[in-house]
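S.K.: A single structure is presented below for examination.
The values are calculated or read from the model by the stated rules, or taken from the named source; none is laboratory data. In this text, all values refer to a predicted model and were calculated from it rather than measured experimentally. Because the Cβ atoms are built from the backbone with ideal geometry, glycine has one as well, and the counts that use them run over all protein chains shown.
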Amino acid sequence: MELKLNKPLAFFDLETTGIKVATDRIVEVSVIKIMPDGTQSVYTKRVNPTIPIPPFVTAIHGITDEDVKDAPTFAEIANELNQFIGNSDLAGYNSNKFDIPLLVEEFLRAGIDFDLKGRRFIDVQNIFHKMEPRTLHAAYAFYCQKELVDNHSAQADAMATFEILKAQLDKYRGVNYKDKKGGITQPVVNDVDALSRFSEQYSNADLVGHIIFNEEKTEVFNFGKYKGKSVEEVFAKEPSYYDWMMKADFPLSTKKVITNIKLRSFNKGSVKSK
């Protein structure tokens, strides 16, 4: 279905150094501008963020420091990008929460007050999540074609979860899955080990995922100002952060993990000093 537009609509996406609006930077911007008559124009630029791109972020979008070292900074493209977008409404995926705030932040750093007044914002992810809710009730209807009665009764929910997994095994038998690195597998198989591995969102170091393992199998923070940073290195540079976590409302299981990391680091230091 073709879009009905009364003014341009700019679909845009950003690749960045991270997910912190206040401190992270754009490394690539692409805008597809759709005019009311259906014509399209595209603006895509790599951007030198002027700060390092963390390796774990490069692993996601594939853009390295070397790739952008000779690219213009955002300040150098800000005027032409602002002119290209013009008075367009904005559309993206998770754009209301992340892309638009970061884009505005970059414009402000460049001395441009990117005016949001009079613009409309379409976030395709929000439409997706509202129309396809990710609840147990919705999953039961989708996979089992039945309505979940007495949902939020523990027994009913547990039984529904059991039925959903069996239905998933039937639905996804022989179905390909492409991972972030481009690998193709058929991971939903009738094997508990395989299902457990595929169920992991992250490789957790603690039970709740406050501390996770990065690709180098190093424990890193998965929250807060040190997200993506080595737990051991942060504690070495800022011991008070460990003290804060131990006093704060973190699960005891998380505190046990960070204590083990701190003790391991201490033992390494003791061995080196001998």
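S.K.: Hey, among the residues in region 1-39 that are polar (S, T, N, Q), modelled with pLDDT of 90 or more and out of contact with any Lys or Arg (no Cβ under 7 Å at 6 or more places or on another chain), which one's surrounded by the fewest Cβ atoms within 10 Å (Cβ to Cβ)?
M.R.: Asn6
S.K.: Which ones in region 237-268 are assigned to a helix (DSSP H, G or I) and surrounded by 15 or more Cβ atoms within 10 Å (Cβ to Cβ)?
M.R.: If the condition is that a residue be assigned to a helix (DSSP H, G or I) and surrounded by 15 or more Cβ atoms within 10 Å (Cβ to Cβ), then Tyr241, Tyr242, Met245, Thr254, Lys255, Val257, Ile258, Ile261, Lys262, Ser265 are the ones that fit.
S.K.: OK, next. Does region 176-192 include one or more residues that are assigned to a helix (DSSP H, G or I) and farther than 18 Å from Val57 by Cβ?
M.R.: Looking through region 176-192, at least one residue is assigned to a helix (DSSP H, G or I) and farther than 18 Å from Val57 by Cβ.
S.K.: Restricting attention to region 171-200, which residues are under 23 Å from Glu215 (Cβ atoms) and among the hydrophobic types (A, V, I, L, M, F, W, C)?
M.R.: Matches in region 171-200: Ile184, Ala194, Leu195, Phe198.
S.K.: Among the residues of region 105-127, what is the count of those that are loosely packed, with under 15 Cβ neighbours inside 10 Å, aliphatic (A, V, I, L, M) and either in contact with a Cys (Cβ under 8 Å, 6 or more places away or on another chain) or more than 30 Å from Ile164 (Cα to Cα) (or both)?
M.R.: 2
S.K.: Looking at Tyr172 and the list (1) within 27 Å of Ala59 (Cα to Cα); (2) free of Cβ contacts under 8 Å to residues at least 24 places away in the same chain; (3) out of contact with any strand residue (DSSP E or B) (no Cβ under 8 Å at 6 or more places or on another chain), which single condition is not satisfied?
M.R.: (1)
S.K.: On to the next question. If you go through region 159-175 one residue at a time, do you hit one that is of a type in the set (S, T, N, Q) and closer than 27 Å to Ser253 by Cα?
M.R.: Scanning region 159-175 turns up at least one residue that is of a type in the set (S, T, N, Q) and closer than 27 Å to Ser253 by Cα.
S.K.: Kindly evaluate Lys225 against the criterion of being surrounded by 11 or more Cβ atoms within 10 Å (Cβ to Cβ) and of a type in the set (Lys, Arg).
M.R.: No.
S.K.: What do you reckon, is Lys130 part of a loop (DSSP other than H, G, I, E, B), loosely packed, with under 10 Cβ neighbours inside 10 Å, on the phi < 0 side of the Ramachandran plot and not hydrophobic (A, V, I, L, M, F, W, C)?
M.R.: No: the conditions fail for Lys130.
S.K.: Could you pull out the residue among Asp99, Asp115 that is in the same structural domain as Ile26 (by TED's automatic domain parsing), of a type in the set (Asp, Glu), modelled with pLDDT of 90 or more and under 22 Å from Ile34 (Cα atoms)?
M.R.: Matching residue, one of Asp99, Asp115: Asp99.
S.K.: Filter region 40-80 down to residues that are acidic (Asp, Glu) and surrounded by 15 or more Cβ atoms within 10 Å (Cβ to Cβ) and give me whichever is farthest from the chain's Cα centre (by Cα).
M.R.: Filtering region 40-80 for residues that are acidic (Asp, Glu) and surrounded by 15 or more Cβ atoms within 10 Å (Cβ to Cβ), the one farthest from the chain's Cα centre (by Cα) comes out as Asp67.
S.K.: Take the conditions within 15 Å of Thr17 (Cα to Cα) and touching a residue at least 24 places away in the same chain (Cβ under 8 Å) and apply them to Phe84. Does it pass?
M.R.: no
S.K.: Follow-up. Specify which of the listed residues (Leu108, Leu81) is within 16 Å of Asp24 (Cα to Cα) and not in a loop (DSSP other than H, G, I, E, B).
M.R.: Leu108
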